[in-house]
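Colleague: Would you mind keeping the following structure in view while I ask a few things?
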Amino acid sequence: MSRKKTNYKINRRDFIKKTSLLSTFIIVPRHVLGGVNYLAPSDQLAIAAIGAGGKGQSDILHASVNGKERVIALCDVDSGDIVKKSRERFPKAKFYEDFRVMLDKHPEIDAVTISTPDHTHANAAINSMERNKHVYVQKPISHNIREARIMTEMARDKKVVSQMGNQGASNPYQLSIQKWITDDEIGNVHKVYVWTNRPIWPQGVMMPKPDNSKLPDSLNWNLWLGPANKTDYTPGMHPFDWRGWWQYGTGALGDMGCHIIDIPFKALGLKYPTDVECSVGSVFTKKGTPEYIPEGCPPSSSVTLHFNPTSINKNKIEMIWTDGGIRPSHPDIIPSEYNLGGFDGDGKNGIMMIGEKGIISCDEKARNPILFKNDGSIKKATLPQGTVNELKEWGHQKKWVDACKAGYKSDEHLSLTSSFDYAGPLTETVLMGNIAIRSYLLRKRINKRWDYFGRKKLLWDGINMKITNLDEANQFTTRGYREGWEI
């Protein structure tokens, strides 16, 4: 049976009309297919969390941009209630106890958030960057200065996008403070006070005795220890009290210094300090003899750092840090009805930058900045409309995610407020204070009396990471590592 030939003509105009109509049915935007706010997997970041409980809950939540990015794996040494919220939020994510196993099993991971105790920050970050993963690391980025330097250089070498978790660095109030400085509102700054009410955990006391009988079934204590010395389970150390012990934490300075010191460090363009000295509070449990607990952070401390002039500030600067609830005195030009630490602060944490013409003060994370002029005038900072609110941590994690997608040295990356190029030197400065605190307790026996030979101003060669006038202090620029956890 012969086929009947169909004869028809189509002109160019008809062809364009018909193919245009056809294309509207074939090429459909992905957001239409997937619904409102749909992102194709190829447009999403594959993220994993190392530390999914505690602060890790909000870090991975904000990094996921409330689920717009793909969270494919969660890791925590505690599989109990502490990670319940994260596991419920991301039910498709595989769960691991050991971040090294997770990284090996998921080469598709693009980026990781690291929200572990301070002593494992560097191990987790370095393992991740070695595999070319972008990293978001809680403050301080490391347990010691050597680790911070290694991490900063590795981020450059591996061309990964990094960000430290001092979320106040993205608070837009910081821009107001910086503008006041560059506009010469208070003139050259010569003194900075920074303070905190921390510690709010046990500190300056004897460490609890290890007791394996109290080890929770959900906690992998060996992995929790990581690079620290092998020991039986110490009750209370997890999930929070580790902060007060040098094996694991970095004390009040490590907890709050990267939030508070960040503000003047950035606004004044500071670099490595030239020297550091300190005094620390004592605890007496018996008459006449203070407790000697060199393995633990003190109950309070005062640390003084000096900085050379910068391109922004022409004076040398003295920065005085106090913790344990010790605050500076109230300057005359700040009216008595104002608490120190911003126009709406409670005074528990804060900064004051004192210049030739006035004082800038704010609360932790750059909240509520206020300018007091010598002439009696007062100026409060205001935020532009549409500012990302504090509940979302000012978009600090999202900006990192956007930079990861845009790539190393992209505009998004270069605009980050705490990438390691900046956060590394800031962390080193914070940890300088801990070198002074730990050196303060160095002692040797001379003629039946203790000589505390580290109680002096320590001179710092920042480029070479070295105390130049007390070699014994240099042991605190690094740490000993348990076998298998060396850096």
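Colleague: Using Cα-Cα distances under 8 Å and only pairs 6 or more residues apart, what relative contact order does the chain have, in percent?
Modeller: 18 percent
Colleague: Under a 5 Å amide H to amide H cut-off, with H placed in plane at 1.01 Å, what residues pair with VAL283 once short-range neighbours are removed?
Modeller: So VAL283 has HN proximity to GLU291.
Colleague: Amide H neighbours of THR310 under 5 Å, counting only residues 5+ apart in sequence or on other chains, H built in-plane at 1.01 Å?
Modeller: Amide H to amide H, under 5 Å and 5 or more residues apart or across chains, THR310 pairs with ASN315.
Colleague: Mind jotting down the distance between the C-alpha centroids of segment 205-277 and segment 38-93, whole Å?
Modeller: 24 Å
Colleague: How about segment 334-435: which GluC sites (Glu not before Pro) there lie in a loop by DSSP and see at most 11 other Cβ atoms within 10 Å?
Modeller: Those that pass, being in a loop and sparsely packed, are GLU337.
Colleague: So, one more: Order these by the 10 Å Cβ neighbour count, fewest first: ASP104, ASP471.
Modeller: ASP471, ASP104
Colleague: Roughly how many nanometres apart are two label points built 7 Å out from the Cα toward the Cβ at LYS92 and LYS316?
Modeller: With each label placed 7 Å out from Cα toward Cβ, I get 6.0 nm.
Colleague: Would you kindly derive the ³J(HN,Hα) couplings of segment 456-469 from the backbone phi angles with the Karplus curve 6.51 cos²θ - 1.76 cosθ + 1.60 (θ = phi - 60°), listing them in order in whole Hz, with x for Gly and Pro?
Modeller: Taking θ as phi minus 60°, the curve returns 8, 5, 9, 8, 10, 9, x, 4, 9, 6, 9, 7, 8, 10 Hz for segment 456-469.
Colleague: Trypsin sites (Lys or Arg not before Pro), restricted to segment 448-487: which are DSSP loop and have at most 10 other Cβ atoms within 10 Å?
Modeller: Loop-located and lightly packed - LYS448.
Colleague: Here's another thing I want to ask about it. Taking the DSSP beta bridges in segment 41-168 as the whole, what percent of them are antiparallel, to the nearest 5?
Modeller: The antiparallel fraction comes to roughly 0 percent.
Colleague: Another question about this same structure. Fewest first, what order do LYS92, LYS179 take by the number of other Cβ atoms within 10 Å?
Modeller: By the 10 Å Cβ count, ascending, the order reads LYS92, LYS179.
Colleague: Now for a separate question. Along each principal axis of its Cα atoms, how long is the chain end to end? Whole angstroms, biggest number first, please.
Modeller: Projected onto the principal axes, the Cα atoms of the chain cover 121, 64, 40 Å.
Colleague: To continue, here is another question. Output the direction-averaged projected area (hull surface divided by four) of the convex hull of the alpha-carbon atoms of segment 41-168, in nm².
Modeller: For the Cα atoms of segment 41-168, the hull's average projected area reads 7.3 nm².
Colleague: Any chance you could run the full-extension gain for LYS271 through LYS179? It's 0.36 nm times the residue separation minus the Cα-Cα distance, nm to one decimal.
Modeller: Stretched fully, the LYS271-LYS179 segment lengthens by 31.2 nm.
Colleague: Each residue of segment 134-143 in order: what ³J(HN,Hα) in whole Hz does its phi give by Karplus 6.51 cos²θ - 1.76 cosθ + 1.60, θ = phi - 60°, with x for Gly and Pro?
Modeller: 5, 9, 10, 10, 4, 7, x, 5, 8, 7
Colleague: Under the definition of Cα pairs under 8 Å and six or more residues apart, what whole-number percent is the relative contact order of segment 41-168?
Modeller: Relative contact order of segment 41-168: 23 percent.
Colleague: Taking only DSSP H segments of four or more residues, each worth -39500 (n - 2.57), what value at 222 nm results for the chain once the sum is divided by all its residues, to the nearest 500 deg cm²/dmol?
Modeller: -8000 deg cm²/dmol
Colleague: Under 5 Å between amide H atoms, partner at least 5 residues away or on a different chain: which partners does LYS94 have, H built in plane at 1.01 Å?
Modeller: Residues meeting the criterion, in which the H sits 1.01 Å from N, are ALA73, LEU74.
Colleague: Work from the charge dipole of the chain (Cβ charges, +1 for Lys and Arg, -1 for Asp and Glu, about the Cα centre) and give the residue of SER218, TRP460, ILE446 farthest towards its positive end.
Modeller: SER218
Colleague: Among TRP242, TRP450, what is the fewest-to-most ranking by other Cβ atoms within 10 Å?
Modeller: TRP450, TRP242
Colleague: Further question on the same structure: Within the set LYS191/LYS373; LYS84/LYS159; LYS179/LYS316, which residue pairs have Cα atoms separated by over 23 Å?
Modeller: Beyond 23 Å: LYS84/LYS159.
Colleague: With the Cα gyration tensor of segment 315-377 giving a ≥ b ≥ c as the square roots of its eigenvalues, does the rule (a/c under 1.5 for rounded; else a/b larger than b/c for prolate; else oblate) give rounded, prolate or oblate?
Modeller: oblate
Colleague: To continue, here is another question. For the chain, what are the DSSP H helices with axial Cα length of 27 Å or more and mean Kyte-Doolittle hydropathy of at least -1.0?
Modeller: Counting only whole DSSP H runs, the qualifying helices are 420-440.
Colleague: Next question. Are there any GluC sites (Glu not before Pro) in segment 429-487 that are in a DSSP loop and have at most 13 other Cβ atoms within 10 Å? List them by number.
Modeller: GLU483, GLU486
Colleague: Could you compute the FRET efficiency for GLU295 and ALA406, with r as their C-beta to C-beta distance and R0 at 45 Å, rounded to 0.05?
Modeller: Efficiency, from the Cβ-Cβ distance: 0.50.
Colleague: Please turn the phi angles of segment 210-224 into ³J(HN,Hα) values with the Karplus equation 6.51 cos²θ - 1.76 cosθ + 1.60 (θ = phi - 60°), one per residue in order, whole Hz, x for glycine and proline.
Modeller: Couplings: x, 7, 5, 5, 9, 5, x, 4, 7, 9, 8, 5, 4, 6, 4 Hz.
Colleague: For an R0 of 25 angstrom, estimate the FRET efficiency from the Cβ-Cβ distance between LYS159 and VAL101 and round to the nearest 0.05.
Modeller: It comes out at approximately 0.45.
Colleague: Report for the chain the percent antiparallel among DSSP-assigned beta bridges with both residues inside it, nearest 5.
Modeller: DSSP beta bridges in the chain are roughly 60 percent antiparallel.
A short reminder: the numbers here are calculations on the coordinates, not readings from a lab. All values derive from a computational prediction rather than experimental measurement. Here Cβ is always computed from backbone atoms with ideal geometry, including for glycine, and neighbour counts include all displayed protein chains.
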